[in-house]
Amino acid sequence: MILKKLAAIGLAGIMAASLMACGGGNSAKTEGSSANGGKQKLVIWSWGADEEKKSRESMVEVFKKAHPEIEVEHSVIPTADHVWDQKMTAALSAGTGPDVIQMSPDYYGLYTKYYEDLNPYVEKEGVDLKSVTTEGMIEPYYRPDGKLEAMPLLENVFVLAYNKDMFDKFGVSYPTADWTWDDLAEAAKKFAGGEGADATYGIVNHWIDAGMSIICKGGSAYSDDLKTLQINSQEVKDGLTLFGDLIQSGAMPDDTAAKSLPKEQLFVSGHAAMYTLGGFETKLISDEVGDNFQWDAVPMPKVANGGKNNLMYATGYAMVNTAKNKDAAWTFLKEAAYTNEDMAKETCKVGLTSCKTVAESYYKDIKNGPISNSIYLDGLASAKLNIWGGAFSAVGDVWTQIWQSVTIDKKTADEAMNEYYPALEKAFNEANSK
């Protein structure tokens, strides 16, 4: 499978200005009805938990109010313990899936055979998708053969949040947008101290760190065409070494400490000076910090060679090719992506919406505590799509073993790579053979 981010084709006959911008909930009603004269039925499957679940549900409620002629059945399915993957795979394989299903481009086409090609719908609309979706968000949904397998919904990247009160107390200069990962590591070690409930750390132990270790020193997991494995490089080993050193120096909680107190609690309770903050959790962290201390955020530390310094998590919705009501399904897809401002504003609660006008106005201006969402909008340009997404999840499992060998078992990066690289290479080759 070769991933090429094909630009959306500008089509002639651009629609009226109302389609060039998000439609503010004034979208037209779908035509037609079910064969028995009743409402059309539309079955939608989403995933999510906590704030994400609430956002998905409130977004669909907005759609339902705008389209009383459509009977919507919406399910939000958890992703923990592979519940989503198992349910989705079984349903798609059996042809019993929903009409519309949430998906992510980081599955790299693994399930594209089950999705309707949306190009004919776009052509019928006469809309230039690049002009109505947030910059860079439509390209990952095109397959190498030009098929448009889904429409974007939102993206999330990360920033470096920091506790200003802790920095002041320990006499450490605040992070800046010019920091490198070496700067972060040097500063983080100055906060290490105490024991048990009184321990302090420079930065939380975040689940994103295993992925960040690959890119933080300029490394890459694989080539852009997904065919060549590049994980066994000095740059990747240097990234592993950096994080291993953070943990062994006490600047970052070890596995035992990380499990005893959730990562966000370490930060909001004033025990960790820095937090790798995703756009999906900004409101939650802001609410929990409250007035406990002063804090702020800067972009993720720079990579020395100018490479990607952030990881992006993207998601959208696809029309399943067995959908019974494809017109209704398309209506939902386009409104969730770019034509319904009210839906986009609900999406904004957990990430950067694909609706361009809302992303560049409403979303950008939202502040959670001191954090303006504009910092996430700016971070897209330097972000790399989730490395171990869907198609490469098995490879990611092996990478986790390498990561744990360094961060838990205290092996060197060379030792961990030598032990697990053959298994990782095998998993990578198997993923590419599908």
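The values are calculated or read from the model by the stated rules, or taken from the named source; none is laboratory data. Predicted model, so just to flag it, every value in this text is computed and none were measured. Neighbour counts are summed over all protein chains in view; Cβ atoms, including those assigned to glycine, are modelled from backbone coordinates with ideal geometry. These accessible areas exclude ligands, DNA and RNA; they are computed on the full protein's heavy atoms, side chains included. Shrake-Rupley method; radii C 1.70, N 1.55, O 1.52, S 1.80 Å.
Students often get this wrong, so check it: of LYS334/LYS384; LYS64/LYS124; LYS87/LYS113; LYS283/LYS345, which have C-alpha atoms separated by over 22 Å? As for pairs spanning more than 22 Å Cα to Cα, those are LYS334/LYS384; LYS64/LYS124. 3J(HN,Hα) along the stretch 304-317, derived from phi through the Karplus expression 6.51 cos²θ - 1.76 cosθ + 1.60 where θ = phi - 60°, amounts to 3, 8, x, x, 4, 10, 9, 10, 10, 10, 10, 8, x, 10 Hz, with x in place of Gly and Pro.
Less than 5 angstrom separates the built amide H of GLY202 from those of PHE191, ALA192, MET252, ALA273, all sequence-distant by 5 or more or on a different chain.
Could you rank LYS259, LYS345 by how accessible they are, 1.4 Å probe, largest area first? Display every interim value, and only then the final one.
Details: LYS259 155, LYS345 65 Å².
Output order, biggest surface exposure first: LYS259, LYS345.
For the chain, modelled as a GNM whose springs connect Cα atoms under 10 angstrom apart, the maximal fluctuation among ILE215, ILE387, ILE408 occurs at ILE408.
For the set GLU139, GLU149, GLU195, the ranking by accessible area, highest first and with no ligand, DNA or RNA atoms included, is GLU195, GLU139, GLU149 under a 1.4 Å probe.
Under 5 Å between amide H atoms, partner at least 5 residues away or on a different chain: which partners does TYR317 have, H built in plane at 1.01 Å? Sorted by chain and number, the residues that satisfy this are MET103, MET151, LEU153.
I want to verify the translational diffusion coefficient of the stretch 92-144 in µm²/s; compute it with Stokes-Einstein, Rh as the Kirkwood radius over Cα pairs, at 20 °C and 1.002 mPa s. Walk me through the numbers before you get to the answer.
On the way: Rh = 12.9 Å.
Roughly 167 µm²/s, to the nearest whole number.
Remark: spin-label model distance SER269-GLU425 equals 4.5 nm, labels positioned 7 Å along the Cα→Cβ axis.
Helix-only arithmetic for the chain: the sum of -39500 (n - 2.57) across DSSP H runs with n ≥ 4, divided by the residue total, places the mean residue ellipticity at 222 nm at -10500 deg cm²/dmol.
Computed 3J(HN,Hα) for the stretch 355-369, one whole-Hz value per residue from the Karplus formula 6.51 cos²θ - 1.76 cosθ + 1.60 where θ = phi - 60°, is 6, 4, 5, 6, 4, 8, 10, 4, 4, 4, 8, 5, 10, 10, x, glycine and proline marked x. If the segment from GLU71 to ASP245 were pulled out straight at 0.36 nm per residue, it would be longer than the present Cα-Cα gap by 57.1 nm.
Each residue of the stretch 90-106 is assigned a 3J(HN,Hα), and the resulting list reads 5, 5, 5, 5, 8, x, 10, x, x, 7, 10, 9, 5, 8, 9, x, 7 Hz, derived from the Karplus form 6.51 cos²θ - 1.76 cosθ + 1.60 (θ = phi - 60°), x at Gly and Pro. Among residues other than ASP99 with Cβ under 12 Å from its Cβ, the summed charge is -1 (Lys and Arg +1, Asp and Glu -1).
Annotation note: chymotrypsin sites (Phe, Trp or Tyr not before Pro) in the stretch 224-324 located in DSSP loop regions with a Cβ neighbour count of at most 10 within 10 Å are absent.
Expressed as an acute angle from 0 to 90° and rounded to the nearest 10, what is the orientation of the C-alpha long axis of helix 234-248 relative to the principal long axis of the chain? Approximately 60 degrees, to the nearest ten. In this simple spin-label approximation, ALA80 and ASP225 carry label points 7 Å from Cα along the Cα→Cβ vector, and these lie 4.2 nm apart. Solvent-accessible area of TRP388, all protein chains in place: 40 Å² (probe radius 1.4 Å, heavy atoms, ligands and nucleic acids excluded). Residues with beta-carbon under 9 Å from that of TYR313, excluding TYR313: net charge, scoring Lys, Arg +1 and Asp, Glu -1? So the environment of TYR313 carries a net charge of -2.
Close amide H contacts of ASN368 (hydrogens built in the peptide plane, cut-off under 5 Å, sequence separation of 5 or more or a different chain): ASN373.
Any chance you could list the semi-axes, whole Å, largest first, of the equivalent ellipsoid that the Cα gyration tensor gives for the chain, using √(5λ)? Can you show the working numbers first?
Numbers: eigenvalues 303, 126, 74 Å².
Equivalent ellipsoid semi-axes, largest first: 39, 25, 19 Å.
Determine which residues of the stretch 306-330 fall in the zone a paramagnetic label at LYS41 would reach in this model, i.e. backbone nitrogen under 20 Å from the point 7 Å along Cα→Cβ. Only 319-330 pass the distance filter.
Please label the shape of the stretch 366-434 as rounded, prolate or oblate, based on the square roots a ≥ b ≥ c of the eigenvalues of the alpha-carbon gyration tensor (a/c under 1.5 means rounded; beyond that, a/b larger than b/c means prolate, else oblate). Oblate, since a/c reaches 1.5 and b/c is not below a/b. So if R0 is 35 Å, what FRET efficiency would PHE293 and GLU57 give, r being the distance between their Cβ atoms, rounded to the nearest 0.05? That pair, PHE293 with GLU57, gives E of 0.60. Below 15 angstrom from the Cβ of PRO78, what's the summed charge of the other residues (Lys, Arg +1; Asp, Glu -1)? So the surrounding residues net to -2.
On a 0 to 90 degree scale, rounded to 10, what angle separates helix 51-66 from the longest Cα axis of the chain? Computed tilt is about 20 degrees. Taking GluC sites (Glu not before Pro) across the stretch 70-125, none is in a DSSP loop with at most 14 further Cβ atoms lying within 10 angstrom of its Cβ.
For the stretch 80-218, the share of alpha carbon pairs falling in successive 10 Å distance bins from zero is 8, 26, 22, 19, 16, 7, 0 percent. Fully extending the segment from SER173 to GLU195, taken as 0.36 nm per residue of separation minus the present Cα-Cα distance, adds 5.5 nm. Would you mind classifying the stretch 208-321 by shape? Square roots of the alpha carbon gyration tensor eigenvalues, ordered a ≥ b ≥ c; an a/c under 1.5 is rounded, otherwise it is prolate if a/b is larger than b/c and oblate if not. Oblate is the answer for the stretch 208-321, as a/c is 1.5 or above yet b/c matches or exceeds a/b. When TYR121, TYR142 are compared by accessible area at a 1.4 angstrom probe, the order from most to least is TYR121, TYR142.
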